[in-house]
Number of protein chains: 4
Amino acid sequence: MIDFSLTDEQSALVKRVEEFIREEIVPLERDPRQGPHGPAEALRREMVEKARAAGLLSPHGPKEYGGLGLNLRGMAVVFEAAGWSPLGPLALNIQAPDEGNTNLLEKVASPAQKEKWLKPLVRGEIRTVFSMTEPDGGAGSDPSLMRTTARRVGDDYVINGRKWLITGAPGASINIVMARTEDSSGKDLGATMFLVDMDAPGFSIKRILNTLDSNSPGGHAEVEFHDVRVGPERILGEVGKGFRYAQVRLAPARLTHCMRWLGAARRAHAIATDYARKRQAFGRAIGEHQGVGFMLADNETDIGLCRLAIWHAAWMLDQGSQARLETSMYKVYCSEALGRVVDRSLQILGGMGITDDTVVERIYRDIRPFRIYDGPSEVHRFAIARTILGRAK
Amino acid sequence: MIDFSLTDEQSALVKRVEEFIREEIVPLERDPRQGPHGPAEALRREMVEKARAAGLLSPHGPKEYGGLGLNLRGMAVVFEAAGWSPLGPLALNIQAPDEGNTNLLEKVASPAQKEKWLKPLVRGEIRTVFSMTEPDGGAGSDPSLMRTTARRVGDDYVINGRKWLITGAPGASINIVMARTEDSSGKDLGATMFLVDMDAPGFSIKRILNTLDSNSPGGHAEVEFHDVRVGPERILGEVGKGFRYAQVRLAPARLTHCMRWLGAARRAHAIATDYARKRQAFGRAIGEHQGVGFMLADNETDIGLCRLAIWHAAWMLDQGSQARLETSMYKVYCSEALGRVVDRSLQILGGMGITDDTVVERIYRDIRPFRIYDGPSEVHRFAIARTILGRAK
Amino acid sequence: MIDFSLTDEQSALVKRVEEFIREEIVPLERDPRQGPHGPAEALRREMVEKARAAGLLSPHGPKEYGGLGLNLRGMAVVFEAAGWSPLGPLALNIQAPDEGNTNLLEKVASPAQKEKWLKPLVRGEIRTVFSMTEPDGGAGSDPSLMRTTARRVGDDYVINGRKWLITGAPGASINIVMARTEDSSGKDLGATMFLVDMDAPGFSIKRILNTLDSNSPGGHAEVEFHDVRVGPERILGEVGKGFRYAQVRLAPARLTHCMRWLGAARRAHAIATDYARKRQAFGRAIGEHQGVGFMLADNETDIGLCRLAIWHAAWMLDQGSQARLETSMYKVYCSEALGRVVDRSLQILGGMGITDDTVVERIYRDIRPFRIYDGPSEVHRFAIARTILGRAK
Amino acid sequence: MIDFSLTDEQSALVKRVEEFIREEIVPLERDPRQGPHGPAEALRREMVEKARAAGLLSPHGPKEYGGLGLNLRGMAVVFEAAGWSPLGPLALNIQAPDEGNTNLLEKVASPAQKEKWLKPLVRGEIRTVFSMTEPDGGAGSDPSLMRTTARRVGDDYVINGRKWLITGAPGASINIVMARTEDSSGKDLGATMFLVDMDAPGFSIKRILNTLDSNSPGGHAEVEFHDVRVGPERILGEVGKGFRYAQVRLAPARLTHCMRWLGAARRAHAIATDYARKRQAFGRAIGEHQGVGFMLADNETDIGLCRLAIWHAAWMLDQGSQARLETSMYKVYCSEALGRVVDRSLQILGGMGITDDTVVERIYRDIRPFRIYDGPSEVHRFAIARTILGRAK
């Protein structure tokens, strides 16, 4: 039956997360251990310890490894609360790409792989990387353009290629790498995922990209694989199933981005609302001028609708649906609507909005890539259209 | 717990309504008994009989009078299904203003009033009118400008004034009239609702307005009250509580508009989708050009979000909340988003879209007033903004 | 040198047209000789006589036939002034399709054809038709799908096919018909334009379409050509050059639509502005609430930009440029922006906006097809994109 | 007569500027002498020397001081060409606030003041500051809230107050300061502009703000005036006329922002177009997918319309009009439309768009404040609305 109420457990947990973020994490937002390439590992570890102490670490992770084992709806409300601070997701260990990698490893990794990487990942002890996108015309929106190869040599695979926009590379421990696989005769075996050590011989970080956003520890790198040799125990799942696993990872990963950014947009909206109440111009508080008031109204509406969309897709995933249409639609909607919320919030703040005197300026920069990663709006709209056209009348 | 599943009863009922609309009502869409001022009473009665025979009449009405007694969530899914045809709501007796009047009478009328008007209304035997808006600078978005007066004379009240945009006046049986009440000395007693017979001496329909839309039986009239005298048994509820009752009526009434128009927008989208699959241009089906495909994708997203919004507010109302903020936000969103859906659908149809060869042209005209009635977007946004600003930080 | 001043002649002419429209034509807007399929011929002739008497008939027509012989910039300012009333273009004989046909005949017709058809057309004595679009998957946005054929038989051509959305057919005298031409052996000779009498044997009007708009005399028809035989003197220009001539007609025709609709949008804006000054709500004139005031501001801006765009393309055409990119861009912009202006104007009027108590309701219906005819926005955007991509870097 | 052609001089000059920017300035875009608070003075001087050598320095400045003495239309085409590089305006000495200050000093300063400050300013030897906006609820969109005071003491004035968002303070030579003036008895004399040395006793730069944009040398500062004493020769113009002079400065200053950002948006569009031609996805160049192609089309249209708007207002200013309505409308339009162009360009670049591998990321950050400074869109829309409402019918 249609129901929008949280369970008592969910309500209590959300309240604890909100309090934790407000009291423990927001005060760290101006911590100097942050730069254009994100928060330092020391800051991350400090926050993770706080979350562990508060019993809030890895709400999405399996209980056996110390996570809270929430379903998608539980994640929806908790991640939104965590997203209130740009540092919140990092503190709770639910930041991309680690959060999506947790899900992927839980679904696909072997018991030995889980013990080795999933366990410390859920415990917040290591960070991980996901290497898919390629520079110079390689794999991006269209993964069929993938150029990185893994060639079978004996029982091993030798990986060659370049990847970029690889989030969190410096400081991470393990790299989930997608490559076009060939057998020893060069025959195409499809895409496969490999677990590659960050210090594997032949692997190198070529450069850290300077980007608009700055909330990922380690930033975004361009990396190279030069004859990186891995054994068969480094195959994640099965050979040739890489794209299938990418889908397993992607639908919920898209949605968790929406959850976190919902929290961030709410924060921006709250700051703008507060300012609109206090700042006077032309004889009244600026919020009472409809020009500003209507922006607040549209923010509130966009935020409310994004939440409903997230809850709906989360419920579908919890029912076992892949929710591919819905996660595409809602990813487009949330990335665009929440982007508008942040843009309006900045606008309401006027000159202050473009300074880092509030966190809105940071959220404004950080949220822009959301319309691009995990599928730009254009690619999703194209996929949605094909789904619609392909439906039986 | 967050849940988006329908009950078995809801699912079964929706399926029956969909089938009924498709098989019994859609074929009547080109019935000649329709004109610029809406479907004729004979056509309405014919459809009502069909709905009665199908056991689908008055899904919102109390069971004691033959309605199905649905809660708001049940109404949400049924009204959407009925809205598929511009004639569907009339057939099921859930068209404005009758549907909102049913709700109002159920909540506020005396037992005798219910017996006299609610009963035949739920049975589809009579139509009703709601007279609030005034011409020439009187009550509209700002009800405080109301000029129609009801002056106490003995035990009776004498009503004088003009109203306009009064939907369904010709052919209706009873008129719920809002007037500024004065006691015999002229002292203001606040606004009161009166139940006025359509053939009451002194009442007259001055003209039927020519309007963009044409789906209301009787069209929209300008009416005059000239010394219309009513007894105390014609007071709806209590003297001076008119605006309070208007709020009782309005929040769900806004939402049921959303429900019906959701169905209509889905119809337009379905027709456009079908055309986009078949119509060829520049070497492929036009839907496969992203210019058209993206419009389909945005339609699908807007439709999905409107449904979630409606369900959410319906759930709140079912929990006893007034949901004033939510019904304002969602009324704005639905009226604008569903308007866009219909506009895009028309655009996809190209030249055919501006003809009545499909029902999209009619829906395009009929849906435009939705951004205006029951509060224009601007008035709602203003109210939403004040709610936001007034919240404790 | 960049200059936005009108010549003295232009200024004087505009003033005269404005006065003429205001005093002679606006009073006819409620003339009962108008219906869903446009103004009656008697009304048209009456208005044409008024324009002739005022020395304002056919400002675009060649002087030798009694026109004013304006260049495109002169047309821009005069047509805008005429568009102030939905009847203005008809009065001045500058309504589509006659206006575009005048241009086409002037550029392509033989002296004999000009004498026979251009002369009375410029004099306002006859109306003409342009038959391009086809029903049921034929020629539309993609003219290559044309199914109407003209087969050579002896010196004559026999035309077979159907056309629709043919504006102004009933009451017109001559029909410019585009057909795929074949020689007597069936070999494709390309598209050709023919001048076909409206009473030619084999030609019939199948039905008048019911459309959203109602400002074209005769409405929009579906017509049939069944073995319609025409002699070689009925070929317009040369065999096989039909599409080339269509381009000759289209670029300025697109722009003149913009000019006329600019005037109409200004009218809607003026009515909304006047209302926003007078109508009170919540303690002040509604225009002083920013919600309404901002709509007025955006109207003013859109109107101003459309005028600049029109003047720019008119200047280019006057210099001999085809201005294909510009007329595409500005057609998209004007059809969308002026549509927004009218939509906002209607919204400002509130409930009155959906009635025909003001002319805004009519303009709202009439302007919607502008985003579709002469190339829907999607087809123009596609063409613009290809132009951009094809440019040397 | 309506004319959109450049004079031969303008065309030749534009060509020289384009070449200069492309060959001399674009190569400096990655010069390391730039940081979050803008290009270093050394870099600025180097570029100014290049512009001087090319005969292109200070195209807006009076000829007697070595400028080119262009009118607004000349500035329009030259500034657009200079805006192609984020460093272009600095190189040509036409960056805000210096460019607007040049205009202000030329119009208002005394001969002695001109000799002292305008001359070196036009020669590119000094930078200047304009101090209007105040922190903490002082003067901003509503200048009537100004708190900074200048109190008459003998013949001098003693300035006290704080200002912020003061562009270019570190490294500048002279500060044009707006203050509320009082005579020695405390009587309000209205706002006055003063020329204050950057090393005046009592003046201090409190901090450099961290901002989204980074193209202003010196960044944006918060500054304090503590009993800063200036003599009467430091009054700019007359006492009490500060706001009037601000208007003199503002109308053209708004427009020159539009000119420069037009060039920047064209650059972003060109980079996106080039990428859209080359980058393959799903079987073709991404520009040939309409999703991307339509963005290019809208970019092209927005750019074209902004140029027409700028030319129109420039022409009006050249005719002696204040063009207050037009500069307000076009500032709103250009800031929003060019912002969209840059946003779409970034989106087309996908992942690369958020990196500084192209200059688009920088333009994206730098252009956002344009919707805020010199009057946020909301304040301009409010002013435009009042102008419309105040017009005689």
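The values are calculated or read from the model by the stated rules, or taken from the named source; none is laboratory data. Every value quoted in this text rests on a predicted model; they were computed, and no experiment measured them. So basically every Cβ, Gly included, is an ideal-geometry build from the backbone, and we count neighbours across all protein chains shown.
Would you be able to tell me the number of residues in region C:315-368 that are on the phi > 0 side of the Ramachandran plot and either within 8 Å of another protein chain (Cβ to nearest Cβ) or among the charged types (D, E, K, R) (or both)? Steps first, please.
Initially, region C:315-368 is screened for residues on the phi > 0 side of the Ramachandran plot, giving C:320, C:323, C:350.
From what's left, either within 8 Å of another protein chain (Cβ to nearest Cβ) or among the charged types (D, E, K, R) (or both): C:350.
So the answer is 1.
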Among (1) within 27 Å of B:Arg229 (Cα to Cα); (2) surrounded by 24 or more Cβ atoms within 10 Å (Cβ to Cβ), which single condition is B:Gly61 missing?
(1)
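Filter region D:139-162 down to the residues that are under 30 Å from D:Leu90 (Cβ atoms) and part of a loop (DSSP other than H, G, I, E, B) and list them by number.
Start the filter on region D:139-162 by keeping residues that are under 30 Å from D:Leu90 (Cβ atoms), which leaves D:139-141, D:143, D:146, D:148, D:159, D:161-162.
Of everything in region D:139-162, those that are under 30 Å from D:Leu90 (Cβ atoms) and part of a loop (DSSP other than H, G, I, E, B) turn out to be D:Ala139, D:Gly140, D:Ser141, D:Met146, D:Thr148.
What about A:Arg45, is it basic (Lys, Arg), over 16 Å from the mean Cα position of the chain (by Cα) and under 28 Å from A:Trp164 (Cα atoms)?
Details: basic (Lys, Arg): yes; over 16 Å from the mean Cα position of the chain (by Cα): yes; under 28 Å from A:Trp164 (Cα atoms): yes.
Spelling it out, A:Arg45 is indeed basic (Lys, Arg), over 16 Å from the mean Cα position of the chain (by Cα) and under 28 Å from A:Trp164 (Cα atoms).
Considering only region C:163-177, I want to know if a residue exists there that is within 14 Å of chain B (Cβ to nearest Cβ), part of a strand (DSSP E or B), under 22 Å from the mean Cα position of the chain (by Cα) and of a type in the set (Ser, Thr, Tyr).
There is at least one residue in region C:163-177 that is within 14 Å of chain B (Cβ to nearest Cβ), part of a strand (DSSP E or B), under 22 Å from the mean Cα position of the chain (by Cα) and of a type in the set (Ser, Thr, Tyr).
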Would you check which residues across region D:239-268 are among the polar types (S, T, N, Q) and closer than 13 Å to D:Phe370 by Cβ and list them?
D:Thr256
Considering D:Arg229, D:Arg254, which residue is of a type in the set (Lys, Arg) and closer than 30 Å to D:Leu70 by Cβ?
D:Arg254
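Please note which helices (runs of 4 or more DSSP H) are completely contained in region D:34-138 and include at least 1 residues that are among the charged types (D, E, K, R).
On the way: elements: D:41-53, D:72-83, D:88-91, D:98-108, D:119-122.
Counting at least 1 such residues, we get D:41-53, D:72-83, D:98-108, D:119-122.
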Number of positions in region A:75-114 that are within 14 Å of another protein chain (Cβ to nearest Cβ) and on the phi > 0 side of the Ramachandran plot
0
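Restricted to region C:87-138, and to residues that are of a type in the set (Asp, Glu) and more than 23 Å from C:Arg45 (Cα to Cα), which residue is surrounded by the most Cβ atoms within 10 Å (Cβ to Cβ)?
Residues of region C:87-138 that are of a type in the set (Asp, Glu), as a first pass: C:98-99, C:106, C:115, C:125, C:134, C:136.
Keeping just the survivors that are more than 23 Å from C:Arg45 (Cα to Cα) gives C:134, C:136.
Values: C:Glu134: 23, C:Asp136: 9.
Among residues in region C:87-138 that are of a type in the set (Asp, Glu) and more than 23 Å from C:Arg45 (Cα to Cα), the one surrounded by the most Cβ atoms within 10 Å (Cβ to Cβ) is C:Glu134.
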B:Ser335 fails exactly one of the following numbered conditions: (1) touching a Leu at 6+ places or on another chain (Cβ under 7 Å); (2) buried (at least 23 other Cβ atoms within 10 Å of the Cβ); (3) touching a residue at least 60 places away in the same chain (Cβ under 8 Å). What is the number of that condition?
(1)
Go through (1) within 18 Å of A:Glu80 (Cβ to Cβ); (2) within 19 Å of the chain's Cα centre (by Cα) and name the single condition A:Met316 misses.
(2)
If I ask for residues that are touching a residue at least 60 places away in the same chain (Cβ under 8 Å) and assigned to a loop (DSSP other than H, G, I, E, B), which ones from region D:185-237 would you list?
D:Met198, D:Asn210, D:Leu212, D:Asp213, D:Ser214, D:Asn215, D:Ser216, D:Pro217, D:Gly218, D:Gly219, D:Gly231, D:Gly237
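Does region D:279-288 contain any residue that is under 23 Å from the mean Cα position of the chain (by Cα) and of a type outside the set (Phe, Trp, Tyr)?
First, the residues of region D:279-288 that are under 23 Å from the mean Cα position of the chain (by Cα): none.
Looking through region D:279-288, none of the residues is under 23 Å from the mean Cα position of the chain (by Cα) and of a type outside the set (Phe, Trp, Tyr).
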So in region D:266-314, with the set limited to residues that are in contact with an Asp or Glu (Cβ under 8 Å, 6 or more places away or on another chain) and polar (S, T, N, Q), which one is nearest to the other protein chains (Cβ to nearest Cβ)?
D:Gln290
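To keep it simple, each residue is scored yes or no on (1) outside the structural domain of C:Glu182 (by TED's automatic domain parsing); (2) surrounded by fewer than 24 Cβ atoms within 10 Å (Cβ to Cβ); (3) not acidic (Asp, Glu).
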residue	(1), (2), (3)
C:Phe225	no, no, yes
C:Ile235	no, yes, yes
C:Val248	yes, yes, yes
C:Ala253	yes, yes, yes
C:Cys258	yes, no, yes
C:Leu262	yes, no, yes
C:Asp274	yes, yes, no
C:Gln280	yes, yes, yes
C:Phe294	yes, yes, yes
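Go over the candidates D:Arg371, D:Arg386 one by one and state the one that is within 7 Å of another protein chain (Cβ to nearest Cβ) and basic (Lys, Arg). Lay out the reasoning, then the answer.
Values: D:Arg386 fails: within 7 Å of another protein chain (Cβ to nearest Cβ).
Just one listed residue meets the conditions, D:Arg371.
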Go through region C:353-369 residue by residue and tally those that are among the hydrophobic types (A, V, I, L, M, F, W, C) and in contact with a Gly (Cβ under 7 Å, 6 or more places away or on another chain).
2
If I ask for residues that are surrounded by 15 or more Cβ atoms within 10 Å (Cβ to Cβ) and of a type in the set (D, E, K, R), which ones from region C:1-28 would you list?
C:Asp3, C:Arg16, C:Glu18, C:Glu24
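Based on this model, can you work out whether D:Gly137 counts as without any contact (Cβ under 8 Å) to a residue 24 or more places away in the chain, touching a strand residue (DSSP E or B) at 6+ places or on another chain (Cβ under 8 Å) and at positive phi?
Values: without any contact (Cβ under 8 Å) to a residue 24 or more places away in the chain: yes; touching a strand residue (DSSP E or B) at 6+ places or on another chain (Cβ under 8 Å): yes; at positive phi: yes.
Spelling it out, D:Gly137 is indeed without any contact (Cβ under 8 Å) to a residue 24 or more places away in the chain, touching a strand residue (DSSP E or B) at 6+ places or on another chain (Cβ under 8 Å) and at positive phi.
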